[in-house]
Structures are given as structure tokens and as C-alpha cells.
1. In chain B, what residue has the beta-carbon at the shortest distance from the axis of the rotation relating B to A, and what is that distance in angstrom, rounded to the whole number?
2. Report, in debye and to the nearest 20, how large the dipole of chain A comes out about its Cα centre when Lys and Arg carry +1 and Asp and Glu carry -1 on their Cβ.
3. Have a look at A:ALA159, A:ALA60, A:ALA80 and tell me which one the Gaussian network model of chain A (Cα, springs below 10 Å) gives the largest fluctuation.
4. What's the average, rounded to a whole number, of partner chain beta-carbon atoms within 10 Å of each residue's beta-carbon in A:176-182?
5. State, as an integer percentage, the relative contact order of chain A based on alpha-carbon contacts under 8 Å between residues 6 or more apart.
6. Using a 7 Å offset from Cα along the direction of the beta-carbon, what are the separations from B:THR33 to the same position in each other copy, nm, ascending?
7. How much of the DSSP beta bridge set in the protein assembly as shown is antiparallel, as a percent to the nearest 5?
8. From the residues A:PHE122, A:LEU23, A:ILE55, which one has its Cα farthest along the dipole of segment A:6-129 in the positive direction, the dipole being from +1 and -1 charges on Cβ of Lys/Arg and Asp/Glu about the Cα centre?
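None of the figures in this text is laboratory data; all of them are computed from the coordinates on show. Remember, predicted model here, so these are calculated numbers, not experimental data. Cβ sites come from the backbone with ideal geometry, for glycine too, and all protein chains shown count toward neighbours.
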There are 2 protein chains.
Amino acid sequence: MSESQLINNPDTVSEATINRLSLYSRLLSALETEGITVVSSRELSSRSHFTATQIRRDLACFGQFGKRGIGYEVSTLKRAVNEILGVHIRRKVALVGVGNLGSALLGYRVLYAHNFEIVTAFDSDPQKWNQVINNVVVQDPSRLPQIVRSEQIEIGIIAVPPHAAQRTLDLLVSAGIRAILNFSPTRLVVSRHIKLRNVDLSIELEGLSYFLQHEPINAHKKHDSRCK
Amino acid sequence: MSESQLINNPDTVSEATINRLSLYSRLLSALETEGITVVSSRELSSRSHFTATQIRRDLACFGQFGKRGIGYEVSTLKRAVNEILGVHIRRKVALVGVGNLGSALLGYRVLYAHNFEIVTAFDSDPQKWNQVINNVVVQDPSRLPQIVRSEQIEIGIIAVPPHAAQRTLDLLVSAGIRAILNFSPTRLVVSRHIKLRNVDLSIELEGLSYFLQHEPINAHKKHDSRCK
DNA sequence: TAGATTGTTAATCGATTAACAATC
DNA sequence: TAGATTGTTAATCGATTAACAATC
């Protein structure tokens, strides 16, 4: 199966659509496990919180995967979605920062199950060098450029303290890494040709706090308001 | 300082705006540290990747905080934003699932610095009961409802394996928790009156994988395309 | 063929940006 | 007063939803 049927230029596909593709992939895996071989967008919709139209439109960004009057072949669509996401290939990941969060990521099986593999870890603390955590050896960050190249690592994860985050990002980029996941609660500056995603736990918790602050217990009513 | 000047019904404020408020709060803290006392939306814009209009509009959802011709008083605006987010109050958090990720969260200082405190942890594995991790005692989940009530815990974090996530959510909700952060890669079903946010690392990494798959190295060009 | 469902165009909705009157 | 900057209305942009012709 090749990507020859791809019609779209991915530059123009929204991040929201890409995120939904990940969920479609999981949904299709679940259907496959259940032994369901053909599925309509309506059925996919009923098993998720997406509308049938939205699912069809998202897929239409990348080609024509269904049969009118019939629906989608589950295994074919799943393979296509995984290829669109590029998750049919195992991706090698470098972790920088082996503190609490970093060590946890080394043992986080879900990532491995989704075809990502943390193959090296780095920490600026010399006491951690050569420690082995979940089969991964912690290295001196000065060795990062060489190891990234020799191991063909494509993705970097930043799990260092806030003050070291920008420096770490620059190090990863100069080593040729083009896709980076940042866990530090810092807005980093990066060239447009590099993909940076942020996971910011403080923002998530503060969003929950906002809800607690404003949503009275047992509130069910709706008002109108000046602010959309 | 009270919330008396709040004009808006928060039901209608978008999640995007709320997330930006967290970043405005940080920005204002940094300005305060620098000794800057008054700031314009233009200056805030230049120190972030938000437009001045967007900042003014976000704030306008909640009242009038600036002086025309002058700008915003940094400390006043910071306090107002923190009250809007409800982060002026310390919030107690219960963690469920003390595996790799859960243990890491117990030691994650950034949360404490943002006024969140994990006061108890639960795990279904009896071998972990009564273990103390970062001053927090791991408990039997059957004690959760009682402890949530006695400790006045408002927020729950789900860090259990995927198959236990829905059950954990239901347990938290039945104990009276209304705001929940879910780390399991599972889409959970929840009543409309409960706020659930998901942190899904697989989706983030798959978004990076998509970029690697589609963005050729050194690609700078733009095409037009059928898909917006 | 009749019924079902896709792929896509047109309509709607919501969020962002531009513009500007109000006012410090 | 003149210059600056807010708060807000109107215009634009982008994403979602509805509708339907194409077609299995």
C-alpha cells in the first residue's frame, strides 16, 4: 500500500483534523478487533463524538477511501490513516531531561505500543550518566548530535527544568531534529520549519480551576452574554 | 479584590481564550519580576505570539481592566487574571494510579508552584498501599470517596492503565469531583456537568509523526490545495 | 431498480483580525 | 490640546455542519 492516492497538500490540513486522525486510527483498530470489516461514517460517528460529515470531510483531505452506498473497509482505511499519520514506521525518539517526568516517559508503554521508541536519554547531571533506566542509557548531552545522527533519531522530547528548555530545544534543532515535544511550561521560540508541540500541565489544571471557579455546583442554566 | 467587576457568563468563553489567560498570567508575572508596572496590549503582544487585539478581546470577556491612553496596571491585571482562572486559591488534587507517570506527577514541582497540591494518591495494587512518595501516602481506592470529602479535594487526575480509566472516572465523579485531568489514551464518557480534560501523549507524538511524514526536509514552498 | 452512503458544494457558525470612536 | 491606547463594532477568515448529486 503506497501513498499514491494522496491528493492533498498537508500544509493546509488543520491540526484539529490531524488530532482526529489519531482517534480514527484507534477507533478502526477497535473495530478490527471486534471483527467488523466494513463501516459507514454514520457508524464511526455513533462510536465517537465526531459527526459523520466531519469524519468524511477529514478523510477527504487525503483521498477517496470509501465506496458509495457501502462505507469503508476497516482494515484498508486503518492502514491508510496510519500511513497518513506516518505511524506505520517505528519512530526513534531522544529524551532530554531524566527527572521525575523524563524517567516516567522511559517506562511509559503506551508510546511503544503506538510505534514510538525512546532509544536514548540525556541529562546534564553527570551523576546520572551511564545509569540504565528501562534499558536506556543516560548520556552526556554533549554527545547528543553524534548519537542523533548515528541512531537516526527523528523526534525529541524536552523534559528539562524551565530555565534549560530553550537551550535544549536549540541543541536538538542543531542536531537535525525537526519534530519536538516540549513538556516544560515555557513558550519556546523556534524556526517555522520545525514542528514543536507543547504539553503544558499547568495550563490544563488552570483550565479545570477556571471551571471550578465559575461553574456553580448543580448549575444547568444558560444565559446570554456579551462575550462569545 | 473581588470578582464584582466580572461581566461575563463564563459558559460562553472558549477554551482557547481560557488557555491564553494562563499564558497572560505567566507573562504578567514575568513583567512584575522585571519591575514593569504598566503595560499596553501592544507591549504584551510583542512579548508573546498573540496579537494586541486578541489580548484586549480576551480580557474584555471578563470586564474592563485597562485605562485608555495608558494601558494595564501589571499587578492589578495579574491579580484579576488569576482570580478569573481561580488560581488565587490553592486547589487540592487527588491522583489515581501510581505507576510511572503517576509517581512522576507526585514529584512535579511545577504544579505546586502553580497552586495545585496533590494531597492523596490511590492505586489498586495493595502492595503500594501505605507507601509514601514525596510525602503523599498511597491509599486503597475504596477509601477515595471518604478522603475526597474529608480533605475537600476538587480535582482528580487519572493516571491508570487504559482499561481502568472509565471506572476510575466514574469513581471520582461519584465522590463529588467535578474537574478531572485524564492521562490515559482513552476517550472517556462523562456527564456534561463535569469538566474533563485529556492529555494524550500518543496524539501529540502522532501529530509530530504526521509532520515528519509530509514535510520534506528543507521544504519552504507553498502549493494550493483542495483541502482547507 | 431502490436504498444506502460517499465525496463535495453551499450554508452556517464561531473565532480572529481590522478599524475606530471613546477617553485617558 | 495632541498622542496613545482601550473597549467594541464590523469585516474577515477558517472550521464545522447541512444538503445533495454521484454512485455503489
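1. Minimum Cβ distance to the axis, with residue: B:ALA104, 2.
2. With only Lys, Arg, Asp and Glu charged at Cβ, the dipole is about 560 debye.
3. Largest GNM mean-square fluctuation: A:ALA60.
4. Numbers: counts 1, 0, 5, 8, 1, 5, 1.
Per residue, the number of nearby Cβ atoms from other chains is 3 on average.
5. Working: 290 pairs, mean separation 30.1, N = 228.
It comes to 13 percent, rounded to a whole number.
6. Spelled out, the distances from B:THR33's label point are 4.4 nm.
7. Working: 12 of 52 bridges.
In the protein assembly as shown, approximately 25 percent of DSSP beta bridges are antiparallel ones.
8. Farthest along the dipole direction, towards plus: A:ILE55.
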